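The values are calculated or read from the model by the stated rules, or taken from the named source; none is laboratory data. In this text, all values refer to a predicted model and were calculated from it rather than measured experimentally. Because the Cβ atoms are built from the backbone with ideal geometry, glycine has one as well, and the counts that use them run over all protein chains shown.
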Amino acid sequence: MPIRRSLVLCALASSAVACGKETRQCQTDLEAAQKVVLEVDAGSMEGVRTSLSAVEAAVTSCDKAERYKEKNELIKARNQLRARLDTLQRRATDPGRRKLTPEEVEKLAKTGDPSCPRGQAYRHGASGKDIRCVGPQLVEMGYAEARAYFDKRGYKLVEEPPGTLKAEYGAERFVLTYQAPSDVKSSRCFTLQPAPEMSWQEATARVTGVSPERLKPTGTVATRDGPKPLLVQAAETKALVRIGDCGS
């Protein structure tokens, strides 16, 4: 489905501001965002991601300039681009889109798909069969599993020795600490900074499989390796979630 580019451009165009000293950067970033959105290929993850980065930069600069009307309009454009990128990522990684033999489909329908986190499910497109996911949650994955998970979904990855894996997608950031890249056990320390518009409960539920209403900001969270310490540092605009042995 093509991106509703006209709405994005309308939101950006209606945000034109006078080029005063305190708003100059806001204006510059806004115009740059409008240009990349105009040229975006709605079917390209990289193109949509580039447009999203430009819009996020404009949101930040207009917020600093206290141009809140412009910021709010840009946020609408940002949300639309994020939704489009999420759609493209799901299409690229959806196990139901792979070409499987009838025998493989039957096996998945009976035993589940270990390539996606348990608690989720999908419908195989060709057969229409419902297939449940039985794989590990993100917080339970070894280094290679976690790296593949982030890479397939278009996260920016940074690997730091001896065993730290950092993943970033927009304002959402992960840091997973292992003994080494060869480590098949879950991360010793798993930290998550959700995007501002997502609650820490929802973000934590996505990586653990635990229902949001069951999560508390301090205590433990259940994993296949047993309960792990959970600590949430929440502020008005951002939160930091720590799972595991993350020190003080």
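Among the residues of the range 115-135, those identified as at pLDDT 85 or above, over 15 Å from LYS152 (Cβ atoms) and not basic (Lys, Arg) are ASP130, ILE131, VAL134.
Check the range 210-218 and report whether any residue there is touching a residue at least 60 places away in the same chain (Cβ under 8 Å), surrounded by 15 or more Cβ atoms within 10 Å (Cβ to Cβ), touching a strand residue (DSSP E or B) at 6+ places or on another chain (Cβ under 9 Å) and of a type in the set (A, V, I, L, M, F, W, C).
Residues of the range 210-218 touching a residue at least 60 places away in the same chain (Cβ under 8 Å): none.
No, the range 210-218 contains no residue that is touching a residue at least 60 places away in the same chain (Cβ under 8 Å), surrounded by 15 or more Cβ atoms within 10 Å (Cβ to Cβ), touching a strand residue (DSSP E or B) at 6+ places or on another chain (Cβ under 9 Å) and of a type in the set (A, V, I, L, M, F, W, C).
Can you tell me which residue within the range 149-186, out of those that are assigned to a helix (DSSP H, G or I) and more than 22 Å from LYS228 (Cβ to Cβ), is modelled with the lowest pLDDT? Applying the filter and picking the extreme gives LYS152. Cβ-Cβ distances below 7 Å connect the following pairs, each with a first residue in the range 219-235 that is in a strand (DSSP E or B), a second residue that is surrounded by 15 or more Cβ atoms within 10 Å (Cβ to Cβ) and among the aromatic types (Phe, Trp, Tyr), and a separation of six or more residues or different chains: VAL232/TRP200; ALA234/TRP200. Residue check: is THR177 in the same structural domain as ASP225 (by TED's automatic domain parsing) and over 15 Å from the mean Cα position of the chain (by Cα)? So THR177 fits the description; yes. Quick check on the range 216-236. Is at least one of its residues at pLDDT below 90 and in contact with a Lys or Arg (Cβ under 7 Å, 6 or more places away or on another chain)? There is no residue in the range 216-236 that is at pLDDT below 90 and in contact with a Lys or Arg (Cβ under 7 Å, 6 or more places away or on another chain).
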